[in-house]
Amino acid sequence: MSPKYDASFYIRVLDQYVATGECSDTDDEPLYAYLLSIMNDPMIKIQVLTDEVCARIFYDMMSLFIHLNLEKEKYNLQKSQSEQNGMKQTLEWSIARRKDGWQALLQQVSDKYETMGFGSSFYKSQFGNEEEKYGDDELWERMVEDWEEAFKRNLQEQKKKEIDQRKESLENRLHANLKNIPEYLRRHEVEKDEFFQAWGLMSGMWNTVDFERIRKVVRMQKEYPEIIKIANLMGRTADDEGRERLHVGQGDVYRLEHSSKNDIQGVTVGNDLNALLPTEMVHCADDDLESLFIYKYVTRKLQTFRYKSEIMQPARSLETKPAVHKGPMIVCLDTSGSMVGIPEKIACSLLVKLLEIADRQHRPCFLIAFSVSICPIDVRKERTRLLDFFSTTSCGDTDATRMLKATFDLLQSKKEYMNADVLWITDFKIPLPSPKLTDRILEYRKADTHFYGLQLGIAENEWIPFFDRVYRVDYPVARCY
């Protein structure tokens, strides 16, 4: 895999496209080339830039498609590891081994990569002449380099074929979702936040039955506002001074200054969909004039407002400030028998909200479901397991020992986990473990790991001194202390 075209590269590309509509025209890398062909589709660009719901649908579906293809590419590389090792070993062959083995080696490589441009006839003529040039180290290394180039071209061709096999299904679902989902939300008066949370669990596979089932869980947030309060704690911002900020890359934020006066300078032409004149908006909404609108968009001839801020505050003048990296979220969810009923539903509703925050902030999020045993789930990567989890019923007793050890293992696994937010969702009917474990919670808190709790019920709670803050939901009244 090319270091340039990794997962973070595609995240940056999608973020920029959804925010501005900007993207390159074309590229040679198969996956990126296909993504660009989708992003440069005028109809898709208009939907993404004018409708927040369409933007989220596009972003999530393309993110999943990219992830699946990157994982497949990684698998193909691992599967061919023995051949890559063989190239390195071939460079170390002795002269005697080259003499005995060059013919078989060239035949083997030629059989596999003749169509990929490997020039076996040239090397046969060189190694088979009277001068026995297989002993020439420079020529031998050149032969291995040509082998490696053919190997890489073959991987790229394989990648392109796999994309071609999947793209028709993706495009059919994408166009159907961009058309049907906004209409469904309007018809059933679904709020955007409800959609974003429920959609986040569906892995780009829309169906109304699953959506309405998850939506019922999400709507509990209105009945129990503590869910949103604690979710916002877990979604702490990176450099929180109460000012609006736009994050650019890892470790930097931009501060934007906004004019309080009339910002309109005049009228110009272009394709900025956020500055359209009302007359152009009418063309966009009219079925008969839609093709004209698209033509004017592609040719940058739409009439748009011109703003002073565009002239006086160019992007290069924006102030840059360092920001603290947001750490992962670790959610420890009590699945013992005492959580059956309303506590279980509140817990699931909070978990859905946290997943939406993790997706929006690109933060890792781990669920550690615990009773007597534990069940860790990477909720951003294992949506199917998470949906299955929502279908199970709480049962058994509660033991925090294994859950705490699993939490500590995660906190120690990577340096950035020291800046994590840890949340317990439980009734706190949990016996205190040994001081050795509770003391470790205090040690991690000193290292900027935050521990929060949502207590479901009114049981006595011995754990409060070990947490930054504990919210409590009583039935039917909710309060916080």
**Asked** Roughly how many Å is it from the Cα centre of the range 160-239 to that of the range 1-67, as a whole number?
**Response** 18 Å
**Fill in**
All alpha-carbon distances of the range 17-100, grouped into 10 Å bins from 0, give the whole-percent distribution 15, 31, 20, 14, 12, 7, 2
**Complete:** With N residues in the range 416-459, Rg(alpha-carbon) / (2.2 N^0.38 Å) equals 1.27
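Could you tell me whether the range 1-41 comes out rounded, prolate or oblate from its Cα gyration tensor? Rule is a ≥ b ≥ c as square roots of the eigenvalues, rounded for a/c under 1.5, then prolate if a/b exceeds b/c, otherwise oblate.
Details: a/c = 2.51, a/b = 1.25, b/c = 2.01.
Because a/c hits 1.5 or more and a/b fails to exceed b/c, the range 1-41 counts as oblate.
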**Asked** What does the accessible area of residue 409 come to, in Å² to the nearest 10, when a probe of 1.4 Å is used?
**Response** 100 Å²
**Anisotropy class of the range 140-223 from Cα gyration tensor, a/c 1.5 cut** = prolate
**Message:** As a test of the definition: which semi-axes, in Å, follow for the range 98-239 when you take the square root of five times each eigenvalue of its alpha carbon gyration tensor? Largest first, please.
**Reply:** 62, 20, 10
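Step by step: find N for the range 62-132, compute 2.2 N^0.38 Å, then divide the Cα radius of gyration by it. What's the final number? Before the final figure, lay out each step's value.
Working: Rg = 17.1 Å, N = 71, 2.2 N^0.38 = 11.1 Å.
Its radius of gyration relative to the 2.2 N^0.38 Å reference: 1.53.
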**Asked** Are there trypsin sites (Lys or Arg not before Pro) in the range 414-447 that DSSP marks as loop and that have at most 14 other Cβ atoms within 10 Å, and which are they?
**Response** 414
**Item:** Estimated inter-spin distance, residue 413 and residue 51, nm [label 7 Å along Cα→Cβ]
**Value:** 3.8 nm
**Too-long pairs where the Cα-Cα distance tops 20 Å, listed order kept, from 79/99; 216/429; 74/160; 45/160; 74/159; 74/414** = 79/99; 216/429; 45/160; 74/414
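Could you sort 116, 403 by accessible area so the largest value comes first, with the probe set to 1.4 Å? Don't skip to the end; give the middle numbers.
Working: 116 35, 403 0 Å².
Descending order: 116, 403.
List the trypsin sites (Lys or Arg not before Pro) in the range 1-82 that DSSP assigns to loop (not H, G, I, E or B) and whose Cβ has at most 16 other Cβ atoms within 10 Å. Which are they?
Numbers: sites: 4, 12, 45, 56, 72, 74, 79; in loops: 4.
Hits after loop and neighbour filter: 4.
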**Request:** Order 26, 50, most accessible first, counting only protein heavy atoms with a 1.4 angstrom probe.
**Result:** 26, 50
**Complete:** Once amide hydrogens are built 1.01 Å from N within the peptide plane, the residues lying 5 or more places from residue 332 or on another chain with amide H under 5 Å from its amide H are 368, 423, 424, 425
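Once neighbouring chains are kept in place and the probe is 1.4 Å, which whole percent of the accessible area of the range 15-140 is contributed by carbon and sulfur? List each step's numbers first, then the result.
On the way: 3090 of 6720 Å².
So the carbon and sulfur contribution to the accessible surface is 46 percent.
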**Message:** Within 14 Å, Cβ to Cβ, of residue 161, how many net charges do the neighbouring residues add up to if Lys/Arg are +1 and Asp/Glu are -1?
**Reply:** +1
**Prompt:** Any idea what diffusion coefficient the range 16-163 gets from Stokes-Einstein, in µm²/s, Kirkwood Rh on alpha carbon pairs, 20 °C, 1.002 mPa s?
**Reply:** 116 µm²/s
**Item:** Hull volume in cubic angstrom per residue (convex hull over the Cα atoms of the range 80-178)
**Value:** 104 Å³
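The values are calculated or read from the model by the stated rules, or taken from the named source; none is laboratory data. Because the structure is a prediction, the values reported are computed rather than measured. Cβ atoms come from the backbone with ideal geometry, glycine included; neighbour counts cover every protein chain shown. Remember, those area values only see protein heavy atoms, side chains included, never the ligands or the DNA or RNA. Shrake-Rupley method; radii C 1.70, N 1.55, O 1.52, S 1.80 Å.
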